[in-house]
1. To check you understand DSSP bridge types, tell me what percent of the beta bridges within the chain (both residues inside) are antiparallel, rounded to 5.
2. How far apart, in nm, are the 7 Å Cα→Cβ label points at Asn32 and Ser146?
3. Could you calculate, for the stretch 92-184, the ratio of the Cα radius of gyration to the Kirkwood radius, expressed as Rg to Rh?
4. Once Rh is set to the Kirkwood radius over Cα pairs, what Stokes-Einstein translational diffusion coefficient, in µm²/s, holds for the stretch 69-134 at a temperature of 10 °C and a viscosity of 1.306 mPa s?
5. Rg and Dmax in Å for the stretch 1-106, alpha carbons only: what are they?
6. How much accessible area per residue does the chain have, counting only protein heavy atoms and a probe of 1.4 Å, in square angstrom?
7. Leaving out ligands, DNA and RNA, and with a 1.4 Å probe, what % of the accessible surface on the chain is carbon or sulfur?
8. Between the stretch 12-61 and the stretch 125-150, what's the alpha-carbon centroid distance in Å?
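The values are calculated or read from the model by the stated rules, or taken from the named source; none is laboratory data. Everything quoted here is computed from the prediction, not taken from an experiment. Every residue, glycine as well, gets a Cβ built from its backbone with ideal geometry; the counts of neighbours run over all protein chains shown. Ligands, DNA and RNA are excluded from the accessible area calculation, which covers all protein heavy atoms including side chains. Shrake-Rupley method; radii C 1.70, N 1.55, O 1.52, S 1.80 Å.
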Amino acid sequence: MDADVYSQRFNLLERHRTYRLGEDAIVWQDANGGEERLPYGDIRQVRLSSWPDLQAGTVYAIVSPRHGKALKLSNRSYVSLGNFDMQTGEFASFVRALHRKLAGRGGKVNYRLGATMAGYVATILFCAAMFVFIAGTLYAVLAEASVLIGAIAVVIMLGFVPWLARFLIAVRPGTYSPEDLNGP
């Protein structure tokens, strides 16, 4: 396994790409042979995040240049509708190698974890709105239903609270150091 090369198809709308960590830039080619590059010196930020979805353990790396469109990578590769190939080992090796290249260049790169602050606030507001909606629905159910059905509804709702709390803690914005990434 070559840590300096990673291949994936991010989603249905994008072509399969192969990324290579060159001497001075990330270089990628799509399935049609078109080649693009992002010089290490132009990289302003790397954001690592994980969001819940149908594939457990999906991790994203967003590499943002000083100018232009961000490069989005994930540890999963699109195969077909609802079908993704999890490439966790290859992705982790590639991301670690990218961090070693960036650290070796000595440039100023911001290393971020989790959601953006705007995304985090929006997620909290969405969760609060959903909680109010569900509480209102439970109130309506309890007003019209038997005690047993009401108790079941309350238990189901409260069962999501620990999951939601873990999610909000996991995606809160933060920073990290490239040295925090362990392994080869």
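1. 90 percent
2. Here the answer is 6.3 nm between the modelled labels.
3. With Rh from the inverse mean 1/r over Cα pairs, Rg/Rh is 1.26.
4. Using the Kirkwood radius from Cα pairs, D works out to 103 µm²/s.
5. In Å, with Rg to one decimal and Dmax whole: 13.4, 41.
6. I get 61 Å² per residue for this part.
7. Carbon with sulfur: 62 percent of the solvent-accessible area.
8. If we compute the Cα centre of each part, the gap is 42 Å.
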